[in-house]
Amino acid sequence: MKNHLIGALLGGCVLATAGTMAAAQDKVVLTMWHGHPEWKNAVEAILARYEEQNPNIDIQLEEIPGQSLIARLNTALAAGEAPDLFALRLGPAVAAAGEAGQIIDLTDKVDISGMTEAAQSAARYDGKIWSVPIFGSYTVGLYYHKEIFDENGVTPPANKTEFMEVCRKLQDSGVTPMIAPAQDGVIPAFLYMMMASSVLGADGFEEVRAGTRRLDDPDVVEAARFLQDIYPCFADGSLGTAYTEGKALFALEQGAMLEGGSADYAGFLQTNPNIDVGVVPFPAVDGGTPATVTGMQDTFSVNSESEHPDEAIAFIQWMIQPEAAQMVADTITLSNTVGVSPSDNPVMKEMVEASLSNDVRVFYEFPETGDVFAAIQENAASLFLGEITPEEFSAKLQAVVKPSGA
Amino acid sequence: MLAQSRQWDGRGGRRRRQSALARRYGHLLFVAPGFVFFIAFMVLPSLAGFAVSLTNWTGVGTDFSFVGLDNFVEALGSWPLYRAAWHNLIMFLAILVFQHTVGLFVAVQLHAKPRFMEVYRTILFLPVIISLVSTGFIWTLMLSPNIGVINALLKDLGLGFLARAWLSDPDLALATVIGVQCWNVLGWAIIIYLAGLQAIPEELLQAAEIDGATGWVRFRRVVFPLLSPSFTALTVLTFIGQFRVFDIVYVLTGPLGSPNFETDVLATLIYRSAFGGSSIASNDVRMSYAVALAVIVFVIMAIASTFLIRVLRRREISA
Amino acid sequence: MARVQLSGLTKAYSGSDASAVSDLSLDIADGEFLVLVGPSGCGKSTALKMIAGLEESTSGEVWIGDEMVNDHAARDRDIAMVFQSYALYPHMSVFDNIAFALQIAKRPKAEIRERVAEVARILQLENYLDRRPGSLSGGQRQRVAMGRAIIRQPAVFLMDEPLSNLDAKLRVQMRSEIARIQHRLKVTTVYVTHDQVEAMTMGDRVALMRDGVLQQVDTPERIYNRPNNTFVASFIGSPSMNLYHATLVREGSGGRVRLGDVELSVPASVYESHPALAQTNGAVILGIRSENLEDAVFVPNHPEGQQFTATVTLAESLGSDLMVHFRINAPPAKIVDQDLLDEIAVGDDFGVCVGRFNARSAAKPGDTVNIAIDCSELHFFDAENGRAF
């Protein structure tokens, strides 16, 4: 009996070794989970380019829609079955995984000096690099249909007064001024961030993080009031409209304006190839400066249990070199790599333009203001419905700010 | 014992003698495979879940600091839990009434075997087979105030004044979600009641007929009491189903139970607490808190279902 | 209380050539206990349901009392029915089961209580009024079903195999009880059963049906002693009448019948009571009841021509009698009926014959015995159509 057992074990070992050797002679397989099925073609083209240049690497991509990805990734991480490459949410989630040893510390392994300042700052968390935003960044502004604006004799608004005027004119001629799919609260959150940024600016936002300025300061409350006041400009049923449906409605010219990001444009084109839109910073609270907000796309980490960490790290490094960055900029969204801009895309160029005057980082990427995003999601609907005042709304947001100075 | 085993041997002829142990506990072997799966996939995860609910685990990382019952205390003191439970309760009651009235009525009509009964039955049962996610998706499209066919149809019929923003009007959203669910569960009610009706012996109805009971009286005094097993089954199933409803709500009104949480239910609340309200950013995600919510719901549901079954069984007849 | 008349009652189902009941006519006197008997599928239950109004008739008329009730609903026919399954309402107490019809008719509560008490007393159910049917024994349930019928004081009782779900002993007991109650209440009763013993013991008259057609209506004695045809002959009586193909030859005032290799003399008295026999010469079906066969040992002076020998294949003692099976070298007359299992052909040319011998007979399997046959009790049927002469 015992002899049989040992024999079986030995046989197993031999087989296993043989298997490993065969794999080594074969390709190195890297698994990668990504949460944007809508970019599938673009991402696969980039991966194909990489595999062409590195014939010994085979990257197996699995596209999982956003929300399910998070649920699956959490489970897989806990079970030690996560892929080699994956993106956690930037901020506390990445740091927690890093401290738990679930992802590799990339600080000395990846050179990010060629990336924009914002990207570098986003990649660093307490001085360490846990993840790298390899699929660029997105800047959010206000999209508008040029034709609808021309037909109705209006021009892109720069502040609240102008916005309300445009809204009124469009409504008078039977046009829905704004598509705002508010079902999951994401759009209202971006609207608020841009409105607040028009008052705060990048410096003011730093002060909020430091605790020397507050979201319920009277001048910042005006941003909340702006948010409440534009609700009547939204399309019918906005509170129940899903994000994806809203984007499709805008692409199909069911409304004149949409808050949107650089990553949305490719989707519009897919829905409506003849779309003719322009993009500007979001109108400012009266007296403020029109603002855009910028956030990092998926920031990828390397699984610390990966069998091929070096290959995975090499891939990340390649992704932020100009060649791959250019592909990202041309087919997905704005690049994080310095000097790379969309080669032939006037709308993306307009977006870059828009972000030059007053661009603020999205609040949720910072530990101090990380919870503000969720607080907006939770409370925007009551603000729209008039159940709470802009003052109360702002106070709820401020309540979840954890100033770093404190 | 000895005498017994001799008897066995005698009856079975030249059979091997069973040990007392095998005879007493042998049957457990037949239960074991299912039981092992039950332990592995139900009991252990539940216990693990309960353990997690006593920590501050966020869902990522390995920080499992023990926080005692803090999560439970916080959950029981939080307004969203009661709001969500209230919505579950309304859904349960509304759908219960719907099933026991419309569902029963349709089942009785079908039981009378009208022409094309098979066709009707198939059509009515179809929604049950279609996945809730597709159901929900189709309904979001139909109910959309922008592109939906329902408002368009109402306008074409000259009933434009009835057109509404079904899923985004805070006063209508919950009712709309209930409506969609009614459409979805009607098939269940019909099948269960139809089975109950078919189980009533023809002679019993003839006896009632001869006793002078017809129509409504016969239904109320004879048929309906005999349907009490169906009533129990449907009520309990609906109770459990409605207090754990998730997919259809999620698809129809999103993870936040829009608009303004008017359709937020326990499952979406738990989901949101565990995985966040959107894929973009949710730093307030706390798996352990979500699990605590789930444990609370589980315990209350278990108690309530047991109580419900007790009460309803008492109504039933033992024949 | 009423007379029940059926005339030309027919039930045909679409998609089937044969009628479930065809052209059934019966006249049941007021207070009479009529038993409708026949093998399963003979249409007796369908006939009962047509009387009850639970089945619509295809043609024909049902009269209860002076009224043609074809167009009356069951509840308007003033009948009460006892079902084979009892059809008790399982969710109601015994009291409510019995009282149900009165409650529906909105009789005063006091009256209902009084009448239920009376019925419960007759049926010895006083101690069970609060129970649910589920907790009663079969016999008790049967009594509740009776109670439900009795309390209505209807013009007609209709009973559909009410005893077939009881065990043998209880069945015998309930049989007499039902007969007693019917006798006491004097309510016209139509009682359906497939059990010929019930039919013989309970009915004032017995109506025997086969394949939807009425075969004979008569008192139990006449239907036993003067069966209309081979079917009636074989159905009524236990064991069944022994029936064989035989040849009858006229001889003087009497005759001779050849049964295989046995020849028996037929006394003149048989010809006198069956005048139609006189015209017959040749093939007949001969019927012999088992009690007309006896071990010759016990019939010392039996005439020579009324004896034969046979080999015993089986002997069953009933205590009071000894049922002896023996082979007869004559082809049995087959009555096509799956219910009658005792009619088994041994071969084309051999039949089993059963005789009811004196209990003291020593006959045992393998013996060759001398058998005395009472030839004055022989039954003769037309070999072509099975009708009695």
Would a scan of the range A:141-155 turn up a residue that is of a type in the set (D, E, K, R) and touching a residue at least 24 places away in the same chain (Cβ under 8 Å)? yes
Of the residues in the range A:39-83, those that are outside any loop (DSSP other than H, G, I, E, B), of a type outside the set (Gly, Ala, Ser) and within 14 Å of chain B (Cβ to nearest Cβ) come to A:TRP39, A:GLU63, A:GLN67, A:LEU69, A:ILE70, A:ARG72, A:LEU73, A:ASN74, A:THR75, A:LEU77
So which residues in the range A:253-278 are under 18 Å from the mean Cα position of the chain (by Cα) and part of a strand (DSSP E or B), if there are any at all? A:LEU258, A:GLU259, A:GLY260, A:GLY261
Tell me whether the range B:295-308 contains one or more residues that are within 28 Å of B:THR140 (Cβ to Cβ), outside any loop (DSSP other than H, G, I, E, B), touching a Leu at 6+ places or on another chain (Cβ under 7 Å) and away from chain A (no Cβ under 14 Å). yes
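Residues are listed down the side, and each one gets a yes or a no for (1) within 14 Å of chain A (Cβ to nearest Cβ); (2) part of a helix (DSSP H, G or I); (3) closer than 12 Å to B:MET287 by Cα:
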position: B:THR58; (1), (2), (3): yes, no, yes
position: B:GLY61; (1), (2), (3): yes, no, yes
position: B:PHE64; (1), (2), (3): yes, no, yes
position: B:GLY68; (1), (2), (3): no, no, no
position: B:GLU74; (1), (2), (3): no, yes, no
position: B:PRO80; (1), (2), (3): yes, yes, no
position: B:ALA85; (1), (2), (3): no, yes, no
position: B:LEU89; (1), (2), (3): no, yes, no
Answer yes if at least one residue in the range A:88-103 is away from chain B (no Cβ under 14 Å) and modelled with pLDDT of 85 or more, and no otherwise. no
Matching residues in the range C:41-54 - criterion: being outside any helix (DSSP H, G or I) and in contact with a strand residue (DSSP E or B) (Cβ under 7 Å, 6 or more places away or on another chain): C:CYS42, C:GLY43
Complete set of residues in the range A:167-204 that are among the small types (Gly, Ala, Ser), within 13 Å of chain B (Cβ to nearest Cβ) and in contact with a Ser or Thr (Cβ under 6 Å, 6 or more places away or on another chain): A:ALA180, A:ALA182
The one condition in (1) within 14 Å of C:HIS91 (Cα to Cα); (2) not in a helix (DSSP H, G or I) that B:ALA213 fails to fulfil: (1)
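Table: residues versus (1) among the β-branched types (Val, Ile, Thr); (2) under 20 Å from C:PRO332 (Cα atoms); (3) assigned by TED's automatic domain parsing to the domain that holds C:ILE373.
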| position | (1), (2), (3) |
| --- | --- |
| C:MET202 | no, no, no |
| C:ARG210 | no, no, no |
| C:ASP218 | no, no, no |
| C:ARG222 | no, no, no |
| C:ASN229 | no, yes, no |
| C:TYR244 | no, yes, yes |
| C:HIS274 | no, no, yes |
Exclusive hit being away from chain B (no Cβ under 13 Å) and either within 27 Å of C:GLU56 (Cα to Cα) or among the β-branched types (Val, Ile, Thr) (or both), set C:SER164, C:SER137: C:SER164
Could you go through the range C:67-83 and let me know if any residue there is in a strand (DSSP E or B), of a type outside the set (Val, Ile, Thr) and under 22 Å from B:GLY215 (Cα atoms). yes
Give me the residue from the range C:258-280 that is under 30 Å from the mean Cα position of the chain (by Cα) and in a strand (DSSP E or B) and, out of that set, surrounded by the fewest Cβ atoms within 10 Å (Cβ to Cβ). C:LEU259
Please verify whether C:ILE79 is touching a residue at least 12 places away in the same chain (Cβ under 8 Å), more than 15 Å from B:VAL217 (Cβ to Cβ) and more than 9 Å from chain B (Cβ to nearest Cβ), treating the condition exactly as stated. no
Does at least one position in the range B:239-254 carry a residue that is without any contact (Cβ under 8 Å) to a residue 60 or more places away in the chain and within 11 Å of chain A (Cβ to nearest Cβ)? yes
Members of the range B:229-238 found to be surrounded by fewer than 18 Cβ atoms within 10 Å (Cβ to Cβ) and either within 14 Å of chain C (Cβ to nearest Cβ) or in contact (Cβ under 8 Å) with a residue 60 or more places away in the chain (or both), listed by number: B:PRO229, B:VAL236
Being away from chain B (no Cβ under 14 Å), more than 21 Å from A:VAL280 (Cα to Cα), crowded, with 20+ Cβ neighbours inside 10 Å and out of contact with any helix residue (DSSP H, G or I) (no Cβ under 6 Å at 6 or more places or on another chain) narrows A:VAL221, A:VAL208 down to just A:VAL208
Might you let me know whether the range A:93-113 holds any residue that is assigned to a strand (DSSP E or B), closer than 29 Å to B:TRP57 by Cα and of a type outside the set (Ser, Thr, Tyr)? yes
Residue ID - surrounded by the most Cβ atoms within 10 Å (Cβ to Cβ), chosen from residues in the range A:62-80 that are free of Cβ contacts under 8 Å to residues at least 60 places away in the same chain and small (Gly, Ala, Ser): A:ALA78
For the range A:229-238, name all the residues that are modelled with pLDDT of 95 or more and in a loop (DSSP other than H, G, I, E, B). A:ILE230
Output the number of residues of the range B:86-105 satisfying the condition of being closer than 12 Å to B:VAL185 by Cβ, crowded, with 17+ Cβ neighbours inside 10 Å and either more than 14 Å from the chain's Cα centre (by Cα) or not assigned by TED's automatic domain parsing to the domain that holds B:THR176 (or both). 3
Can you tell me which residues in the range C:83-94 are buried (at least 21 other Cβ atoms within 10 Å of the Cβ) and more than 9 Å from every other protein chain (Cβ to nearest Cβ)? C:VAL94
Listed residues A:PHE226, A:PHE250; which is in a helix (DSSP H, G or I), away from chain B (no Cβ under 11 Å) and surrounded by 24 or more Cβ atoms within 10 Å (Cβ to Cβ)? A:PHE226
Search result, residues across the range A:103-145 that are crowded, with 19+ Cβ neighbours inside 10 Å and β-branched (Val, Ile, Thr): A:ILE103, A:ILE104, A:VAL110, A:ILE112, A:THR116, A:ILE129, A:VAL132, A:ILE134, A:THR139, A:VAL140
Residues of the range C:146-183 being small (Gly, Ala, Ser) and more than 24 Å from C:GLY41 (Cβ to Cβ), in sequence order, are C:GLY147, C:ALA149, C:ALA155, C:SER176, C:ALA179
Looking only at the range C:55-65, decide whether some residue is within 22 Å of the chain's Cα centre (by Cα), in a loop (DSSP other than H, G, I, E, B), within 14 Å of another protein chain (Cβ to nearest Cβ) and crowded, with 18+ Cβ neighbours inside 10 Å. no
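Name the one entry in A:MET296, A:MET348, A:MET327 that is buried (at least 22 other Cβ atoms within 10 Å of the Cβ), modelled with pLDDT of 85 or more and more than 14 Å from every other protein chain (Cβ to nearest Cβ). Walk me through it before giving the result.
Numbers: A:MET296 fails: more than 14 Å from every other protein chain (Cβ to nearest Cβ); A:MET327 fails: buried (at least 22 other Cβ atoms within 10 Å of the Cβ).
Unique residue meeting the criteria: A:MET348.
The values are calculated or read from the model by the stated rules, or taken from the named source; none is laboratory data. Values in this document were obtained by computation on a predicted structure and should not be read as measured data. Glycine gets a Cβ as well: all are built from the backbone with ideal geometry, and neighbour counts include every protein chain shown.
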